[in-house]
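Trainee: What follows is a structure written as structure tokens; I'll ask about it next.
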Amino acid sequence: MFVTHLECSRCGATFESEQLINLCRCGAPLLVRYDLEQVKARLARDDLASRAPDLWRYRELLPVRESENIVSLGEGMTPLVRLNRLGAELGLSNLYMKDEGLLPTGSFKARGAAVGVSRAKELGVKAVAMPTNGNAGAAWSAYCARAGIESIVVMPTSAPAIHRTECAVTGAKLYLVDGLISDAGGIVGRAVTQRGYYDVSTLKEPYRIEGKKTMGLEIAEQFAWKLPDVIVYPTGGGVGIIGIHKALEELQEIGWISEKLPRLVAVQAEGCAPIVKAWRQNKPEAEFWPDARTVAFGLTVPKAIGDFIVLRGLYETAGCGVAVSDADILKAVKTIASKEGLFICPEGAATLCAAAQLADDGWLKPDETVLLLNTGCGLKYTETLNAGAPLLKPGDDLPEP
Ligand SMILES: *Cc1c(COP(=O)(O)O)cnc(C)c1O
Ligand SMILES: [Zn+2]
């Protein structure tokens with residue numbers, strides 16, 4: 001393992017990495033730092049080709065010391081799909097989607113859970129607690145089950161019912177709260193102090209980002225180390241976009257990719273767009289978003305603890321923030337499914353709405369390579385997306401088309 005220490009994302013304070021730790025004393029998330037000189041000396045890009053197609057192929061850039069601590073369900077190397085028909089409609093000749101819906105537990109949260117749970121196991125954790133909008137709880141609960149770690153999950157009652165089922169079936173202690181993820185977070189915060197659970201809330205432990213970082217590593221490898229011009233990401237807590245940015249910076253440092261980074265685009269829903277609002281006002285940090293509400297439930301994060309890191313990524317890469325409406329999101333789910341065969345989640349579909357806006361106002365150029373990230377599988381969202389069909393009786397003929 002090449003981890004050297006943990007570093008505060010805000011004040012730069014450093015911490016020893018073999019201890020169980022949450023936030024910096026200044027309240028900001030901690031980032032894992034590696035001896036990248038050593039990684040560069042020991043690993044070549046071409047070494048990857050012979051490795052298994054899961055995220056552990058990047059183990060030199062991951063924080064697990066002993067391979068026996070790896071808790072895996074086969075996560076990683078999701079498909080990169082070219083969107084020819086949608087691209088033509090938007091006037092974008094190089095439009096792609098990376099489909100994270102195929103991961104274990106049906107969302108990209110599996111990446112964070114695989115690495116986070118593996119590291120927790122390595123550090124001797126027996127019980128974790130977390131608030132969730134659903135997919136994170138489902139993923140952590142599944143990976144904890146596999147690791148033999150107890151999991152306590154607190155979820156808003158308004159989260160899609162499938163997530164409750166997933167947590168309950170995989171053996172989490174599940175609690176529902178009549179409120180938002182921020183309310184669930186308050187309950188978890190008190191429980192971890194009183195009962196000694198390890199708090200694995202979004203960005204409150206350092207290793208979930210490392211799992212999500214592997215999206216960035218895969219993107220680079222799948223594009224043969226020539227990065228797309230723009231990466232469009234549906235942003236809730238921001239771990240995914242922070243992870244992708246961190247991956248690309250590390251790859252730059254080991255010399256595998258060139259200087260120019262993709263412009264990062266954070267997409268949020270109009271009903272909960274704190275980061276987009278802060279970006280429009282050129283602010284370093286977002287404000288709490290009151291009455292947060294959207295069909296893209298994973299994006300209902302009224303105040304993200306790492307919002308300033310997301311914003312830093314947008315400013316540094318000359319990216320932007322885009323807010324899209326629920327009506328457009330629901331239409332986009334159908335458009336993507338019926339034109340390209342990809343049945344994806346509303347959060348992922350929001351990226352298409354954003355790309356359409358950005359193509360329209362010229363921010364995206366026709367020949368630029370644009371990558372949309374789909375974060376979850378549409379099969380999990382049958383309540384949001386139900387559709388009817390004409391009912392026939394046995395013996396009926398099909399009506400005229
Ligand atoms: C959690 C989640 C998001 C938001 O991800 P962050 O990395 O927290 O910004 C987006 N889409 C889906 C499906 C999610 O579950
Ligand atoms: Zn700090």
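Derivation of every value follows stated rules applied to the coordinates shown; laboratory data play no part. Because the structure is predicted, anything quoted here is derived from the model rather than measured. Here Cβ is always computed from backbone atoms with ideal geometry, including for glycine, and neighbour counts include all displayed protein chains.
Trainee: Sort the following peptides by mean Cβ neighbour count (other Cβ atoms within 10 Å, averaged over residues), highest first: 73-84, 272-283, 134-145. Display every interim value, and only then the final one.
Mentor: On the way: 73-84: 17.4, 272-283: 19.2, 134-145: 28.7.
Highest to lowest by the protection proxy: 134-145, 272-283, 73-84.
Trainee: Return the single residue from Phe108, Phe297, Phe223 with maximal mean-square fluctuation; model: Gaussian network over the chain, springs between Cα atoms under 10 Å.
Mentor: Highest fluctuation of the listed residues: Phe223.
Trainee: Under the 0.36 nm per residue contour assumption, what length would be gained going from the current alpha-carbon distance of Lys173 and Glu400 to full extension? Don't skip to the end; give the middle numbers.
Mentor: Details: separation 227, 0.36 × 227 = 81.72 nm, distance 5.24 nm.
Additional length available on full extension: 76.5 nm.
Trainee: Then there's this: Using a Gaussian network model on the chain with a 10 Å cutoff between Cα atoms, which of Ala172, Ala247, Ala88 fluctuates the most?
Mentor: Comparing Ala172, Ala247, Ala88 in a Gaussian network model of the chain, the most mobile one is Ala88.
Trainee: Would you list the membrane-span-like helices of the chain, meaning whole DSSP H runs whose alpha-carbon atoms span at least 24 Å along their axis and whose mean Kyte-Doolittle value is at least 0.0?
Mentor: Details: long enough: none.
Going by DSSP H runs, there are no hits.
Trainee: Between Gln38, Gln222, Gln357, which gets the highest mean-square fluctuation from a Gaussian network model of the chain, Cα cutoff 10 Å?
Mentor: Gln38
Trainee: Next question. If amide hydrogens are placed 1.01 Å from N in the peptide plane, which non-local residues have theirs closer than 5 Å to the one on Val177?
Mentor: Met155, Thr157
Trainee: What does the C-alpha gyration tensor say about the overall shape of the range 232-379? Classify as rounded when a/c is under 1.5, otherwise prolate if a/b is larger than b/c, or oblate.
Mentor: Values: a/c = 1.61, a/b = 1.15, b/c = 1.40.
Oblate shape, in that a/c is at least 1.5 and b/c is the bigger or equal ratio.
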